[in-house]
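Colleague: Mind having a look at this structure? Questions to follow.
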Amino acid sequence: MYNYETVFILTPVLSEDQAKEAVGKFRKLLKDQNANIVHEESWGLKKLAYQIQKKSTGHYHLIQFSTENNQTIHDLELAFKRDERILRFMSVALDKHAVAYSEKRRNKAKAKKETAA
């Protein structure tokens, strides 16, 4: 089982619906490859550290997934490269410690949200 985390930045000229459609395309690609999406976060529109393609902001999105097939990450990154709506992306293979840390962070955020409500 391979565990990955990928963060990608969508161009800021997209509407909210267009951004959701773009994210849905990559989510569908993962599901078609029989990947299990463990966690997903939309960080929204954020300022970039430096301009990319003359743009200073972008829609950030994170997806954590696990897969049996090592080819899945190559197919996903190829789709990122071919899509003109993607400014940047980064995929990282997670080891067992990173997976445990990520789960702990999600549980802590969930507990914090429940106590606030």
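Colleague: Just the accessible area per residue of the stretch 36-117, please: how many Å² with a 1.4 Å probe?
Modeller: Result: 71 Å² per residue.
Colleague: While we're here: Between their Cα atoms, which of Lys81/Lys110; Lys31/Lys81; Lys25/Lys96; Lys20/Lys46; Lys46/Lys110; Lys55/Lys81 are more than 26 Å away from each other?
Modeller: Cα-Cα > 26 Å for Lys81/Lys110; Lys25/Lys96; rest within.
Colleague: Average the reciprocal distances over every distinct pair of alpha-carbons in the chain, invert the result, and give the Kirkwood radius in Å.
Modeller: Mean inverse Cα-Cα distance, inverted, gives 15.2 Å.
Colleague: While we're here: Please state the charge dipole magnitude for the stretch 2-54, taken about the Cα centre, from unit charges on C-beta atoms (+1 on K and R, -1 on D and E), reported in debye and rounded to the nearest 20.
Modeller: So the magnitude is around 160 debye.
Colleague: Something else now. Among Thr72, Ser15, Leu48, which residue has its Cα furthest toward the positive end of the charge dipole of the chain, with +1 on Lys/Arg Cβ and -1 on Asp/Glu Cβ?
Modeller: Comparing the listed Cα positions along the dipole, Leu48 ranks first.
Colleague: Can you compute the charge dipole magnitude of the chain about its Cα centre, using +1 on each Lys and Arg Cβ and -1 on each Asp and Glu Cβ, nothing else charged? Give it in debye, rounded to the nearest 20.
Modeller: Result for the chain is approximately 480 debye, rounded to the nearest 20.
Colleague: Let me ask something else about it. In the chain, which longest range has no GluC sites (Glu not before Pro) that are both DSSP loop (not H, G, I, E or B) and surrounded by at most 14 other Cβ atoms within 10 Å?
Modeller: Result for the longest clean stretch: 1-67.
Colleague: In whole percent, how big is the carbon plus sulfur part of the accessible area of the chain, probe 1.4 Å, protein atoms only?
Modeller: 51 percent
The values are calculated or read from the model by the stated rules, or taken from the named source; none is laboratory data. Here the structure is a predicted model, which means the values were calculated and not measured. Note that each Cβ is placed from the backbone with ideal geometry, even for glycine, and that neighbours are counted across all protein chains shown. Surface areas here come from the heavy atoms of the whole protein model, side chains and all, with no ligands, DNA or RNA. Shrake-Rupley method; radii C 1.70, N 1.55, O 1.52, S 1.80 Å.
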